[in-house]
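The values are calculated or read from the model by the stated rules, or taken from the named source; none is laboratory data. These numbers come from a predicted model, not from an experiment. Using ideal geometry, Cβ is built from the backbone for each residue, glycine included, and neighbour counts are taken over all protein chains shown. Only protein heavy atoms, including side chains, enter the accessible area calculation; ligands, DNA and RNA are left aside. Shrake-Rupley method; radii C 1.70, N 1.55, O 1.52, S 1.80 Å.
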Amino acid sequence: MDHKQEGTMSEGAIFRTAFFYVFLILFVPVAAFFASRTVLFEAMLGLDTSTSTLYAAVVTVIVIHAVLGLYVTRAFSEAEKVGKKD
């Protein structure tokens, strides 16, 4: 009893997509924080720990917004694909 419409994603594809964005939202900002603080602000620019931590937090907020923007863009593009099939 397969009533799947043409152009819609399977449950497995939806799970993989959701898992991918969960991974991005959880791990990419953390990696960006530590990488920017350690490599960019402390090692390359020679800033003290408190200043580099503050700047790294700003980088993390920017990265979080970028990842969420990617997710929202993907969600709207999928919704448009399904809407055009109706």
* State all residues of region 32-86 that are touching a residue at least 40 places away in the same chain (Cβ under 8 Å) and of a type in the set (A, V, I, L, M); if no residue qualifies, say none. => VAL67, LEU68, LEU70, VAL82
* Here are some conditions: (1) open to solvent by 80 Å² or more (accessible area, probe 1.4 Å); (2) at positive phi. ASP48 meets all but one. Which one does it not meet? -> (2)
* Given the residues VAL72, VAL82, VAL67, VAL61, which is the only one that is in contact with a Leu (Cβ under 9 Å, 6 or more places away or on another chain) and either modelled with pLDDT under 95 or closer than 26 Å to PHE20 by Cα (or both)? -> VAL67
* Which residue, of THR73, THR53, THR38, THR60, is open to solvent by less than 70 Å² (accessible area, probe 1.4 Å), under 17 Å from the mean Cα position of the chain (by Cα) and of a type outside the set (A, V, I, L, M)? -> THR60
